[in-house]
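Take a look at the structure set out below.
The values are calculated or read from the model by the stated rules, or taken from the named source; none is laboratory data. Just so we're clear, the structure is a prediction, and the values are computed from it rather than from any experiment. Cβ: placed from backbone, ideal geometry, glycine included. Neighbour counts: every protein chain shown. Heads up: the accessible areas ignore ligands, DNA and RNA and are worked out on the full protein's heavy atoms, side chains in. Shrake-Rupley method; radii C 1.70, N 1.55, O 1.52, S 1.80 Å.
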Amino acid sequence: RPAPPRALRLSEASGTSLSLAWEPGFNGGLPQHFLLRAKGPDAPPPPAALVTSGFSLTLGGLQPETVYDVTVRARNARGDSAPARLRAVTS
């Protein structure tokens, strides 16, 4: 299985989106994708997004002035990594 993404960080926040960036962990010699999720209290979660290239993504459709717990997992043919976690707030 792949190693978790490293250095997960918030690169920008707006009222309805969070832009995230990270560094990939060891991929085990296999192609990997990234599964992102954001959960906020009393806010419907956006759908999970698979990222197939690059190491950044903007999650849109979020609630303004809301705290979100964001997780990013690496995924390859052998399974999912442990999550990298970040707490971020929309403006």
Worksheet item: Residues of the stretch 64-91 being in a strand (DSSP E or B), in contact (Cβ under 8 Å) with a residue 60 or more places away in the chain and basic (Lys, Arg), which ones?
Response: 73, 75, 85
Worksheet item: Which members of the stretch 65-90 meet the condition of being surrounded by 12 or more Cβ atoms within 10 Å (Cβ to Cβ) and more than 22 Å from residue 7 (Cα to Cα)?
Response: 66, 78
Discussion item. Quick check on the stretch 46-53. Is at least one of its residues of a type outside the set (Ser, Thr, Tyr), in a loop (DSSP other than H, G, I, E, B), over 10 Å from the mean Cα position of the chain (by Cα) and surrounded by 12 or more Cβ atoms within 10 Å (Cβ to Cβ)?
Written reply: yes
Worksheet item: Condition test on residue 37, is it open to solvent by 70 Å² or more (accessible area, probe 1.4 Å), within 11 Å of the chain's Cα centre (by Cα) and at pLDDT below 90?
Response: yes
Practice prompt. Using the structure shown, decide if residue 19 is surrounded by 15 or more Cβ atoms within 10 Å (Cβ to Cβ), without any contact (Cβ under 8 Å) to a residue 60 or more places away in the chain and not aliphatic (A, V, I, L, M).
Written response: yes
